[in-house]
Amino acid sequence: METTLLWESSAEEYLKDAIIFGQPAWVYTKALMEAVNGRYYEVQREDYQILSLVRENRSFSAADQNMPKRPVLYFAGHYPSLPKEYLLEFINQAQQVGLAILHSPSAKWAGEKEIICIFYQPGVTGSLEKTLAFPVLRLNHQTQIFEIEHQLCRNRNLQLIRQGVQILDIDSTWIDDQAEVAAGSIIYPVTQILGASRIGTDCQIGPNCRIKDTVIGRNNLISQSQIEDSMIADACNIGPFSYIRPNSDIGSRVRIGDFVEIKNSRIGDDTMISHLTYVGDADVGKNVNFGCGTILVNFDGITKHRSKIEDYAFIGCNSNLVSPVYIGKGAFIAAGSTITQDLPADSLGIARVRQQIKENWVTKRKQLLKEAKTNEQS
């Protein structure tokens with residue numbers, strides 16, 4: 001069945017700030033349509049005044065309306081949030097009766113915050129006064145929205161548990177309806193899996209993680225970290241307190257430790273970034289080791305620059321790589337260096353002041369301070 005997703009312009013304006021499962025109402029509803037129907041056509045027109053045809057006796061007539069040639073699933077109201085299983089049932093019943101309405105028993109929808117859903121099936125002639133009896137939630141206060149969202153999310157968690165996902169605390173775990181978690185994975189408390197995220201099998205996520213629009217492979221361990229719009233391969237160990245920002249692609253068996261930030265970068269397999277490091281706008285090869293306190297200096301105040309680090313490079317602790325810079329395969333950067341020039345493969349880069357030793361400097365300084373104090377007192 002090809003369905004038209006029909007929005008009245010006034011409804012769009014009214015619902016523009018509505019949030020469903022942490023997403024804009026439009027994004028959520030389109031995802032629902034794709035999930036339950038596969039294809040839909042979106043139309044926005046002023047002349048579809050369907051709501052005006054809902055009468056006090058709960059009858060409906062569209063005989064004189066300029067309706068589309070395809071079936072119409074019409075949402076209206078303050079908060080058009082319907083669980084997917086409800087929507088599937090509603091569509092199935094609507095197809096059987098040809099035309100159906102979902103609205104509150106009073107039908108006095110004006111000024112109230114409630115859900116109205118109308119299904120229009122073209123080709124039905126005669127008196128169109130069939131209705132579909134179906135439960136609907138009336139939302140008269142903002143707190144009710146929170147309560148309903150919580151219950152829907154709880155139901156979603158229970159569904160995932162039945163499918164083989166271990167969720168240790170269903171009340172503190174938020175998993176969006178369009179997110180996917182494979183059987184065998186464990187979700188620890190206070191974790192959010194948002195948007196179109198996909199979690200593979202045998203992963204351990206949490207506690208206290210926020211993952212949004214991210215694809216995560218198999219057998220990953222991620223704790224107390226935030227990941228957005230990125231790709232994580234297999235068998236990675238991430239966290240605690242890591243931040244992987246959008247457009248990052250992390251290979252397999254990568255270690256990203258505490259207080260590490262990755263941004264718009266590709267990280268090759270078996271690379272170690274253990275702690276206190278920033279990698280921004282970089283292409284990093286495999287088996288690279290980042291020492292503690294390394295910074296990719298990617299911003300000159302005007303433009304972001306990108307660096308490349310080849311396989312098996314070793315970046316010493318407390319190093320600065322001023323982008324754009326190229327680090328060759330197997331190159332070694334001495335700790336404390338600020339690298340501003342390209343390093344050839346297998347070379348050693350040192351960029352720091354040579355150490356000086358002045359013997360007895362502290363003793364002489366103390367003596368000078370003592371003499372100065374004695375002179376002041378005299």
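Any read-out appearing in this document is the output of simple, stated calculations on the displayed coordinates, not a laboratory observation. The model shown is predicted, which means the values in this text are computed figures rather than measured ones. Here Cβ is always computed from backbone atoms with ideal geometry, including for glycine, and neighbour counts include all displayed protein chains.
Test of understanding: what is the full-extension gain from PHE314 to PHE299, defined as 0.36 nm times their sequence separation minus their Cα-Cα distance?
3.1 nm
Tell me which of GLY200, GLY280, GLY301 sits at the most positive position along the dipole axis of the range 167-349, charges placed on C-beta atoms (Lys, Arg +1; Asp, Glu -1).
GLY301
Once you have the Cα-Cα distance between ARG365 and GLN159, take 0.36 nm times their residue separation minus that, and quote the gain in nm to one decimal.
66.9 nm is the gain from fully extending ARG365 to GLN159.
Please work out the Cα center distance from the range 173-223 to the range 225-281, rounded to the nearest Å.
Here the answer is 16 Å between Cα centres.
Taking a label point 7 Å from the Cα of ASP283 along the Cα→Cβ vector, which residues of the range 325-366 have an amide N closer than 14 Å to it?
The answer is 325-329, whose backbone nitrogens lie closer than 14 Å to the label point.
Ranked highest first by the average count of other Cβ atoms within 10 Å around their residues, in what order do 259-271, 340-352 fall?
Answer by packing, highest mean first, reads 259-271, 340-352.
For the range 167-349, what does the equivalent ellipsoid look like in terms of its semi-axes, each the square root of 5 times an eigenvalue of the Cα gyration tensor, given largest first in whole Å?
Semi-axes, largest first: 32, 15, 13 Å.
Name all residues of the range 342-378 having a backbone nitrogen under 19 Å from the label point set 7 Å from the Cα of ALA334 along its Cα→Cβ direction, giving them as ranges.
Under cut-off, by backbone N: 342-358.
Filter the GluC sites (Glu not before Pro) in the range 301-378 to those in DSSP coil with at most 14 other Cβ atoms within 10 Å of their Cβ, and list the result.
GLU359
As a footprinting exposure proxy, order HIS150, HIS305 by other Cβ within 10 Å, with the fewest listed first.
HIS150, HIS305
Given +1 on the Cβ of Lys and Arg, -1 on the Cβ of Asp and Glu, and no further charges, what dipole in debye does the range 167-349 carry about its Cα centre, rounded to the nearest 20?
That gives the range 167-349 a dipole magnitude of about 320 debye.
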